[in-house]
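Structure record follows, encoded as structure tokens.
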Amino acid sequence: MSDISIKHWGESIQEAIDRCRASGGGRVVLEAGVYISGTIRLKSHVTLYLERGALLLGSDRIEDYPENETCFTDAVGHRRGKALLYAYDAEEIGIAGEGVIDGRGGVFGPEHPAHLERPFLVRLCGCRQVRIQGICLRQSAAWGLHMQACTGVRVEGVQIINRCNANNDGIDIDSCSKVEISRCIIDSGDDALCLKTTSQNPCEEIHISDCVVTSDWAALKIGTESAGDFRGIEAERCIFYDVRGCGIKVVPVDGGTVSGLSIHDIEMRNCTGPIFFSTGRRLRDYYGEKRTSPGQIRHVILKRIKAQVVSARGGFYQGKPWGNAKGCVVFSGLEELPIEDLRIQDCEIELPGGVYEAYDGPVPQMGEQYPEFHLFDPLPCWGLYLRHVRRLSLRNVRLTKRGEDVRPMRKEEDVTDVSEG
């Protein structure tokens with residue numbers, strides 16, 4: 001194991017990685033300076049290390065991002081998977097240091113002819129024992145860090161700033177196992193921490209802790225892509241602030257089941273939503289395979305969540321006013337597959353209120369739609385809406401509202417076996 005150092009006027013980064021791998025592995029070190037590159041493939045037993053002052057810039061030419069083994073056609077027909085940094089079927093790989101990786105993603109904006117195939121910043125597929133530490137990931141043309149079918153991953157102390165283009169997710173964890181995300185700072189234009197399953201392999205043993213997140217969409221999201229199950233997921237000691245598209249969103253609508261979910265010690269400031277759990281029947285096809293029946297949400301614990309909630313603002317989304325969402329905690333299962341074993345404890349949530357006309361009509365079913373919390377509005381309550389729920393425990397849950405509101409605090413439809421205290 002050895003280090004290979006590169007100055008910004010030296011050999012290509014890919015050549016250094018290949019040479020390091022051939023010699024048994026080690027680190028490829030980028031010294032302080034500016035580097036411009038197209039696609040770089042990471043190799044087993046090699047860590048790419050950026051020293052303080054090192055800036056790796058993505059090329060502004062789409063031809064410098066060729067197709068690779070991981071490329072795929074997504075659910076809406078777009079060709080995806082190109083990336084500045086990628087790895088496939090590799091083990092013991094890493095990205096670390098105090099430098100910056102900047103995709104210059106704004107170059108591939110909506111006017112660019114290659115916008116629909118714009119590259120990810122970092123994409124890891126089928127990899128084992130991955131370490132990403134200390135680095136700053138900035139301005140991807142698409143998602144920031146995408147891990148698919150990986151196991152044994154640790155992402156620690158990473159800063160992600162990703163707001164320069166459409167679909168700017170922070171971290172996407174797709175059908176992975178044994179993943180640790182800790183002490184990260186994420187500022188994203190789309191979902192910040194997003195768990196998904198585009199295959200029928202589960203997302204399991206995922207632990208997220210001590211992260212600070214702001215986003216124009218969801219802070220923590222499970223789904224919508226959910227062909228596989230989600231098991232043993234824990235998020236704790238995080239701060240979500242200035243979130244426009246819901247603080248916590250759990251929406252398995254493609255047949256996967258969410259089971260064994262623990263979210264606790266979370267602070268939300270100036271967040272919409274704030275908590276939205278909903279199943280549905282979208283059942284989307286991924287890679288030619290799909291589930292034929294809906295999944296379920298069960299065995300969920302929410303503890304010590306403190307939230308200051310605001311109403312959504314903006315124009316129309318999916319044909320319905322986005323700004324009609326006034327803020328309410330929502331748990332909505334299916335009649336034949338209710339949410340089961342839900343425990344909410346020691347939570348303090350301040351809702352916006354502000355509705356002056358009572359509404360007690362039917363709340364729409366999610367059905368086959370893309371799930372968003374504004375589709376359920378107007379809701380018949382200002383605090384907690386429950387539909388198709390079995391075995392609910394509420395302990396020391398305090399809901400308050402800032403504005404006057406004629407609706408009741410809580411509304412239940414088909415809810416059984418409730419314990420309160």
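Inside segment 183-234, can you point out the residues that are polar (S, T, N, Q) and surrounded by fewer than 24 Cβ atoms within 10 Å (Cβ to Cβ)? Lay out the reasoning, then the answer.
So the first thing to find is which residues in segment 183-234 are polar (S, T, N, Q), and the list is 188, 197-201, 209, 214-215, 224, 226.
Of everything in segment 183-234, those that are polar (S, T, N, Q) and surrounded by fewer than 24 Cβ atoms within 10 Å (Cβ to Cβ) turn out to be THR198, SER199, GLN200, ASN201, SER209, THR214, THR224.
Could you tell me which numbered condition ARG291 fails, if it satisfies all but one of (1) part of a strand (DSSP E or B); (2) among the basic types (Lys, Arg); (3) out of contact with any strand residue (DSSP E or B) (no Cβ under 8 Å at 6 or more places or on another chain)?
(1)
Please state which of the following conditions ASP414 fails to meet, knowing it meets all the rest: (1) closer than 17 Å to PHE276 by Cα; (2) of a type in the set (Asp, Glu); (3) at pLDDT 95 or above.
In the conditions (1) closer than 17 Å to PHE276 by Cα; (2) of a type in the set (Asp, Glu); (3) at pLDDT 95 or above, ASP414 misses (1) alone.
Looking for something assigned to a strand (DSSP E or B), aromatic (Phe, Trp, Tyr) and surrounded by 23 or more Cβ atoms within 10 Å (Cβ to Cβ) - is there at least one such residue anywhere in segment 235-252?
Yes, because at least one residue in segment 235-252 is assigned to a strand (DSSP E or B), aromatic (Phe, Trp, Tyr) and surrounded by 23 or more Cβ atoms within 10 Å (Cβ to Cβ).
Restricting attention to segment 73-115, and to residues there that are among the small types (Gly, Ala, Ser), part of a loop (DSSP other than H, G, I, E, B) and touching a residue at least 12 places away in the same chain (Cβ under 8 Å), which single residue is surrounded by the most Cβ atoms within 10 Å (Cβ to Cβ)?
GLY103
So which residues in segment 395-421 are over 19 Å from LEU379 (Cβ atoms) and acidic (Asp, Glu)?
Once the filter is applied, which keeps residues that are over 19 Å from LEU379 (Cβ atoms) and acidic (Asp, Glu), segment 395-421 yields ASP417, GLU420.
Could you tell me which residue of segment 281-334 is surrounded by the most Cβ atoms within 10 Å (Cβ to Cβ), considering only residues that are over 21 Å from SER199 (Cα atoms) and polar (S, T, N, Q)?
Among those residues, the one meeting the criterion is SER332.
Out of curiosity, is ARG27 under 21 Å from SER140 (Cα atoms), among the charged types (D, E, K, R) and under 30 Å from the mean Cα position of the chain (by Cα)?
Judged against the criteria, ARG27 is not a match.
Filtering segment 183-206 down to residues that are more than 13 Å from the chain's Cα centre (by Cα) and not in a loop (DSSP other than H, G, I, E, B), which residue is nearest to PRO119 (Cα to Cα)?
Filtering first and then ranking leaves ILE185.
Residues checked against (1) in contact with a Ser or Thr (Cβ under 6 Å, 6 or more places away or on another chain); (2) modelled with pLDDT of 95 or more:
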residue: LEU55; (1), (2): no, yes
residue: GLY58; (1), (2): no, yes
residue: TYR65; (1), (2): yes, yes
residue: GLU69; (1), (2): no, no
residue: ALA75; (1), (2): no, no
residue: ARG79; (1), (2): yes, no
residue: LEU84; (1), (2): no, yes
residue: GLU98; (1), (2): no, yes
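Is it the case that some residue within segment 321-342 is more than 27 Å from ALA227 (Cα to Cα), outside any loop (DSSP other than H, G, I, E, B) and charged (D, E, K, R)?
no
GLU180 - would you say it is under 16 Å from LEU124 (Cα atoms) and outside any loop (DSSP other than H, G, I, E, B)?
On the way: under 16 Å from LEU124 (Cα atoms): yes; outside any loop (DSSP other than H, G, I, E, B): yes.
The answer is yes for GLU180.
Quick one: in segment 30-56, of everything that is assigned to a strand (DSSP E or B) and of a type in the set (Val, Ile, Thr), which residue is farthest from the chain's Cα centre (by Cα)?
It comes out as VAL34.
Would it be correct to say that THR70 is of a type in the set (Ser, Thr, Tyr) and not in a loop (DSSP other than H, G, I, E, B)? If you could, list the steps in order and put the result at the bottom.
On the way: of a type in the set (Ser, Thr, Tyr): yes; not in a loop (DSSP other than H, G, I, E, B): no.
So THR70 does not fit the description; no.
Hey, does segment 278-291 have a residue that's without any contact (Cβ under 8 Å) to a residue 60 or more places away in the chain, in contact with a Gly (Cβ under 9 Å, 6 or more places away or on another chain) and charged (D, E, K, R)?
First pass over segment 278-291, keeping only residues without any contact (Cβ under 8 Å) to a residue 60 or more places away in the chain: 288.
Now restrict to residues that are in contact with a Gly (Cβ under 9 Å, 6 or more places away or on another chain): none.
Taking every residue of segment 278-291 in turn, none turns out to be without any contact (Cβ under 8 Å) to a residue 60 or more places away in the chain, in contact with a Gly (Cβ under 9 Å, 6 or more places away or on another chain) and charged (D, E, K, R).
Does ASN270 satisfy the condition of being in contact (Cβ under 8 Å) with a residue 40 or more places away in the chain, outside any loop (DSSP other than H, G, I, E, B) and of a type in the set (S, T, N, Q)?
So ASN270 passes the test.
The values are calculated or read from the model by the stated rules, or taken from the named source; none is laboratory data. Please read all numbers here as calculations on a predicted model, not as lab measurements. Note that each Cβ is placed from the backbone with ideal geometry, even for glycine, and that neighbours are counted across all protein chains shown.
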